[in-house]
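Worksheet: the structure to be examined is printed underneath.
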Amino acid sequence: MKFMDTTLIIEKYRKPALITLALLLYTLAGFVLLPKVMQSKLPEMIEAETGRKASLELVEFNPFSLELSLQGFVMHEKDMQTFVSFKELFTNVQVWSSIRPLKIMET
């Protein structure tokens, strides 16, 4: 009898536990993993594509509001003079507002 009670409890809480786990993983990936990967890989990718050294002080991303902030970006010429730099680049990707029904023109 006790075995069935345990099985019922597991079945009852399985779906909420999986949803909670998925939300936790999404949160960790968005707030921690993605910024760390971007901060280390973006300068490498820029150098590979352009031949110019780049550095990035801080990357912040909010996976719930889809806000991305790149701070302290500098890209140097080959002679190490500054090619381009900015203190902060901020963007808010509003996915839901960009998805609109297509308007079809009638002729």
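Computed on protein heavy atoms with a 1.4 Å probe, the accessible areas place V93, V74 in the order V93, V74, largest first. Counting only protein heavy atoms and a 1.4 Å probe, segment 1-86 has 76 square angstrom of accessible area per residue. Filter the GluC sites (Glu not before Pro) in segment 44-74 to those in DSSP coil with at most 16 other Cβ atoms within 10 Å of their Cβ, and list the result. Sites meeting the loop and neighbour criteria: none at all. For the cross-link pairs K12/K36; K41/K78; K15/K41, the ones whose C-alpha atoms lie over 25 Å apart are K12/K36; K15/K41.
In segment 8-73, which chymotrypsin sites (Phe, Trp or Tyr not before Pro) are in a loop and have at most 11 other Cβ atoms within 10 Å, using DSSP for the loop call? For chymotrypsin sites (Phe, Trp or Tyr not before Pro) across segment 8-73 that sit outside H, G, I, E and B with at most 11 neighbouring Cβ atoms in 10 Å, the list reads F64.
The values are calculated or read from the model by the stated rules, or taken from the named source; none is laboratory data. Please read these numbers as outputs of a predicted model, since none were measured by experiment. All Cβ positions, even for glycine, are placed from backbone atoms using ideal geometry, and neighbour counts span all protein chains on display. Note: accessible area is taken over every heavy atom of the protein model, side chains too, but ligands, DNA and RNA are not part of it. Shrake-Rupley method; radii C 1.70, N 1.55, O 1.52, S 1.80 Å.
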